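Enquirer: Handing you a structure now.
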Amino acid sequence: MESRSYHDPHSMKESAVLDVKPLRSLAPMLPASLGQKSTFCPSNAPPFVCVTPLGSFATASAYPPGFCPFFSSVGSPQDLNQIPVEHPSYLNEENGFPRASGGTTPPAFYKEAVIIDSSGKTTKRFSNYSTFPADSSATESSKRKKNKSRQSLADSTLLPSSHDPRESVEVVLSTFDALRRRLMQIDDAKKLRPDLKAGSIMMSNDLRANKEKRIGPVPGVEVGDIFYFRIEMCLVGLHSQSISGIDYKTISFVDQEDSVAVGIVSAGVYGNEEDSEDTLIYTGQGSSNNDDQKLERGNLALEKSVRRANDIRVIRSAKDPSITNGKIYIYDGLYKIHESWVEKGKTGFNTFKYKFLRQPGQPDGIAVWKRIEKWKENPSLRGNMVLSHDLSSGIENKPVCLVNEVDYEKGPTYFTYSNTVGYPRSISSVKPLQSCMCPSACLPGDANCSCLRQNGGFLPYSSNGILVSRKPLVYECPATCQCLINCRNRVTQVGLHLHFEVFKTRDHGWGLRCWDAIRAGTFICEYTGEIIDGIRSINFDEETDYVFQPMYSDPDFKWNYVPELLEETGNVDLSETPKLLSFVINSKNNGNIARFMNHSCSPNVFWQPVLHDHGDDRYPHIMFFAIKHIPPMTELTFDYGRRPAEMGNHMNPQREKKCLCDSVKCRGFFI
DNA sequence: GATTGCTCAAAGCA
DNA sequence: CTGCTTTGAGCAAT
């Protein structure tokens, strides 16, 4: 149990978790004018206002509504000569779905959505797309069903009843990844490729967005978005080649048809690609080991794109440090090919080279990654924006940076950094958690492992520590187990493994973000503080800015896989909601990075109850996990929830805070 | 720990 | 309908 005054890196004195006495006041450290009563931003101002989950990208979008890639970005007369006569499908699409064949019918997506609730019952929810002709996609689906024993689920399940392309893309990605995680859990021997298997299931059920290729931006995909598998980019229509690096499409231009490139993946496999933020030297395709590259297919399309000067989406890649040989794909926005040439490769054969230039005015993509790399090499680069290099004073495995890039406030209100939870009384001895006898590590499928049995027969985490499914309660191995601390069933006990940063937001106080890319299902952190027994003991009229309440407010939020897609129905317990927890955690005086996480109605983080050091399921640990893939430096947010109706009388309506998130799902207010 | 080689892959194009 | 092209992702060995 450790807790330390966050501002005092020299003090190694430890205090008991419930000792809330300040070790030292914050004020003496600050210039007189910047004390706790700072006029710039009073430290007792409510720091919690909602934030857009898209960060600055949302407002800084380079593409206003109605954006046409051929008319805007580079508006030279030369470009205008190259406008295609008939605009192909990429224009005027209001949603992320392909047009039905024929072109005049509305997009062919779901007539209704089937919601699978926690009890396993299915309920139908009709979308508001009432004008949709019943079977305008008949040709499509009959083609599809020809050699499929399973019916397509796309028109009957899953996809949200929303016209928001962003939401469609996110549902596709989340459905895919949940499926992938489950496949990995079922077949831990890894005889199959879970990504390909899951991708194939998605494809055969037509669970994809932006099926039709297009030039320019892809609805619902934003610059900076990250992907962990090539197939993910296929499913959302960003890059339709599952393996090949060059994606191309035949377009009708003024003079004639041409097959031009629409996107490339620069995975660095051919080497010698220039590594600058706005330029990229890309090598054409074809094995350069035993023959000259030929001017056909992708290479030919790139060559045509040099003359047509059309926008080309560029996906760059980076190493995923959490996995051996792991790769992350980063959508870096639109580029144009500036020039091309032929060059002798290392093996002496001709290769095609293409110089890509990034179109100006786009949000940062790979630039964010490069910036972070520089900070890691040289921490002094950010100068006096960094208020503390480690807010946790060494308590956490990884330092927690404290920065302010927007004003002169020198830090959040005083608190004691503590990475453990304080209980009102000792409960650890009351009810110990059952422990297993597994030597060194718990293994999947081991019927003798009691920890596995408690979790329903499956390890709750995959081999790389990713949470597979949300459940009412996750049972990790307690210290009394024979297995070691690196056992796969101890993911949340080992502390932080990401480089976090507490930062001052522009309009809603302090927030939390991360230097590292975070894959969906990754453990973020625990919510620490003092546990206060019984919600009713909290006076809601008083300050609740740093109080965590275990509440749910989005009954439609589903993170787990859809069992129908695996023909796995009935016998699987997929309930995600924990039973009502009647405690709150107060982190006002003691807390960790979790206390800085702001609310959003479209969050990227959720909480999951976990037991590991005691067996009292009334007081589980509150652990946060990533809902989706989160690019570096994106603010981390979770849904603060809504107080149950029964609590209404205890609430002062004025305590409700106005939510500023730009989410289409924004509820307007939160606790 | 980082790199290399090996294997079996799926989707879209021709 | 089928073969061809592409090189991804995971793993074992170095």
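The values are calculated or read from the model by the stated rules, or taken from the named source; none is laboratory data. Note that the structure is a prediction, hence the values are computed from the model and not measured. Here Cβ is always computed from backbone atoms with ideal geometry, including for glycine, and neighbour counts include all displayed protein chains. Only protein heavy atoms, including side chains, enter the accessible area calculation; ligands, DNA and RNA are left aside. Shrake-Rupley method; radii C 1.70, N 1.55, O 1.52, S 1.80 Å.
Enquirer: Specify whether the C-alpha gyration tensor of the stretch A:352-400 places it in the rounded, prolate or oblate class, a ≥ b ≥ c being the square roots of the eigenvalues: rounded for a/c under 1.5, otherwise prolate if a/b is larger than b/c and oblate if not.
Expert: prolate
Enquirer: Give me the net charge for the shell around A:I231: Cβ to Cβ below 11 angstrom, other residues only, Lys and Arg +1, Asp and Glu -1.
Expert: +2
Enquirer: In the structure shown, do any of A:K197/A:K370; A:K213/A:K628; A:K294/A:K355; A:K319/A:K353 have a Cα-Cα gap over 27 Å, and if so which?
Expert: A:K197/A:K370, as the Cα separations exceed 27 Å there.
Enquirer: Which of the peptides A:553-561, A:416-424 is most tightly packed, and how do the rest follow, going by the mean number of other Cβ atoms within 10 Å of each residue?
Expert: Packing proxy ranking, top to bottom: A:416-424, A:553-561.
Enquirer: What FRET efficiency comes out for A:T250 versus A:E277 if R0 is 30 angstrom and r is the Cβ-Cβ distance? Round to the nearest 0.05.
Expert: 0.40
Enquirer: So what's the net charge close to A:C483: Lys and Arg +1, Asp and Glu -1, counting the other residues with Cβ under 14 Å from its Cβ?
Expert: 0
Enquirer: How much of A:S450 can a 1.4 Å solvent probe reach, expressed as accessible area in Å² and rounded to 10?
Expert: 10
Enquirer: Going by average Cβ density within 10 Å per residue, which order do the peptides A:658-666, A:299-307, A:317-325 take, highest to lowest?
Expert: A:299-307, A:658-666, A:317-325
Enquirer: So if we plug the beta-carbon distance of A:T577 and A:R506 into 1/(1 + (r/R0)^6) with R0 = 30 Å, what FRET efficiency do we get, rounded to 0.05?
Expert: The calculated FRET efficiency here is 0.30.
Enquirer: With both partners inside the stretch A:370-514, how many of the DSSP beta bridges are antiparallel, as a percent to the nearest 5?
Expert: 65
Enquirer: Can you give me the Cα centroid spacing of the stretch A:459-482 and the stretch A:236-263 in angstrom?
Expert: 44
Enquirer: Roughly speaking, what is the stretch gain from A:D545 to A:K346, that is 0.36 nm per residue apart minus the C-alpha to C-alpha distance, in nm to one decimal?
Expert: Gain in length upon complete extension: 65.6 nm.
Enquirer: Moving on. Say R0 is 30 Å: what FRET efficiency, to the nearest 0.05, do A:T413 and A:V494 get from their beta-carbon distance?
Expert: The formula returns an efficiency of 0.55 here.
Enquirer: May I pose another question? Ranked by accessible surface with a 1.4 Å probe, highest first, in what order do A:E501, A:E405 come?
Expert: Reading off the accessible areas and sorting them downward yields A:E405, A:E501.
Enquirer: Heavy atoms only, probe 1.4 angstrom, no DNA, RNA or ligands counted: give me A:T279, A:T637 ranked by accessible area, highest first.
Expert: Heavy-atom accessible area, descending, gives A:T279, A:T637.
Enquirer: Tell me, what is the 1.4 Å probe accessible area of A:S435, in Å² to the nearest 10?
Expert: My reading of the accessible area for A:S435 is about 40 Å².
Enquirer: To continue, here is another question. For the pair A:T480 and A:E257, how long in nm is the line joining their label points, each one 7 Å along Cα→Cβ?
Expert: Using points 7 Å along Cα→Cβ, the separation is 7.3 nm.
Enquirer: Shifting gears a bit: As a test of the definition: which semi-axes, in Å, follow for the stretch A:476-540 when you take the square root of five times each eigenvalue of its alpha carbon gyration tensor? Largest first, please.
Expert: 28, 23, 9
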